[in-house]
Amino acid sequence: MIDDLDLGFDEPERGEKGRHRRSFRKRKGGSGGGRGKTFLALLMALLLLGGIGGGAFYGFDRIQNYFVTPDYDGAGSGEITVEIKNGALLADMADALVAADVVKSQKAFIEAAEANSRSKNIQPGTYKLRKQMSGASAVTAMLDLKNKIVNGLTIPEGRTSKNIYKLLSDKTKIPVKEFEAAAKDPEALGVPDWWFKRADGKKVVKSIEGFLYPDTYEIPPKATAESILSLMVDNFLSVTGEMKFADRVQKERGGVSPYEALIVASLAQAEAGNKDDLGKVARVAYNRVYGEFDCNCLEMDVTVNYWLELTGKPTKTSAEMNQSELLDTTSPYSRKLRGLIPTPINNPGEPALEGAMDPPVGKWLYFVAIDKQGHSAFAETYEEQKRNEAKAKEAGVI
């Protein structure tokens, strides 16, 4: 005897691996209803299915779209440029492509990228693509270097902001004045307010100097002075964030603020003639300003040169500087200024930042270059410094 059947569908149940599962419900209770009831039930089911036929097809289409990845066919048409930003993940790339109507869905691009072992080679930059491409076609196009718009510019470590504006202007034809105007508000370019804090009690001068991270940049088409400088600031924040620069400085440098450590990194970048000495030069700066140095001043010629550049004068070697420049106490970047100077004096790279964040232990107060490779000898006393200077003269360095 066939039991009566309730032909309504159950609510979806979660089966294995999270898949939806539907089942018929078997009515409990009673043992028979005869063939008449069974026939009637089947007849009603046929009538019901016939009545909702159109809706059933509509529902099937929606269900099919849920399980089948929405994707365009072929290589697309037309041309459009899409920027892939630094640090973009596959999902970020997919979002940019969907927004530009290059691919139909995020899932289409991600699935195609995951199926292509070379997709990890897709780099940040600006690409010439087509509209309404399949996910696979978009991945292939982004792996073809012919579709990448190359407009790269390398900013070397230790350049001042004024120098960087000139490099950027030469590359982009954006006037230097526009970069200078944009730089007047560092916070508008993305520098967080908390970076401009000092623990030494000195007034903070909010400058973009130090935050324009040296690197190779792809300059997007139609870039503005603001967008380019913001890109450099964002890179600075990413690098220092990965280094945990601010956290480590506050925990390990005995009350020195991250901004003060950034100033020290710029000093090391300017003074060290060799990458190996960056940390030691940073230690000398800390020792002179916060230690037992007679004047608690930096006495570094690089600060004099920075002031000369800021005031539109040509920079000089130490030997070319006269006494009035070396002993000037009116300049905010004076060698004799007690404590740290107002701002960084250039834009340091990661090794210099590392040196200021985690300098080697030492009581050095002096240093001098002793070979033509730029290596320096470090001294705790002036007498030892004089002996090192004699070695430098013998080597023809000074």
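Worth a mention:
- For the range 193-244, the set of residues classified as among the acidic types (D, E), under 16 Å from A265 (Cβ atoms) and buried (at least 18 other Cβ atoms within 10 Å of the Cβ) consists of E209, D215, listed by residue number.
- Selection status of D276, out of contact with any helix residue (DSSP H, G or I) (no Cβ under 9 Å at 6 or more places or on another chain) and under 21 Å from V249 (Cα atoms): yes
- Within the range 368-387, the set of residues being more than 17 Å from F293 (Cβ to Cβ) and under 43 Å from the mean Cα position of the chain (by Cα) comprises A369, I370, D371, K372, Q373, G374, H375, S376, A377.
- Apart from one condition, E354 fits all of (1) in contact with a Leu (Cβ under 9 Å, 6 or more places away or on another chain); (2) closer than 23 Å to F245 by Cβ; (3) assigned to a loop (DSSP other than H, G, I, E, B); (4) open to solvent by 10 Å² or more (accessible area, probe 1.4 Å); the exception is (3).
- Residues being of a type in the set (K, R) and either farther than 25 Å from T216 by Cβ or open to solvent by less than 70 Å² (accessible area, probe 1.4 Å) (or both) are entirely absent from the range 76-91.
- Filter result (in contact with a Lys or Arg (Cβ under 9 Å, 6 or more places away or on another chain) and either over 30 Å from P258 (Cβ atoms) or open to solvent by less than 20 Å² (accessible area, probe 1.4 Å) (or both)) within the range 153-164: none
- When the residues of the range 126-152 are filtered to those that are among the polar types (S, T, N, Q) and open to solvent by 80 Å² or more (accessible area, probe 1.4 Å), the one that is nearest to T81 (Cα to Cα) is Q132.
The values are calculated or read from the model by the stated rules, or taken from the named source; none is laboratory data. For clarity, every value in this text was computed on a predicted model and none was experimentally measured. No Cβ is skipped: glycine too gets one built from the backbone with ideal geometry, and neighbour counts run over all protein chains shown. Just the protein is used for accessible areas: all its heavy atoms, side chains included, with ligands, DNA and RNA removed. Shrake-Rupley method; radii C 1.70, N 1.55, O 1.52, S 1.80 Å.
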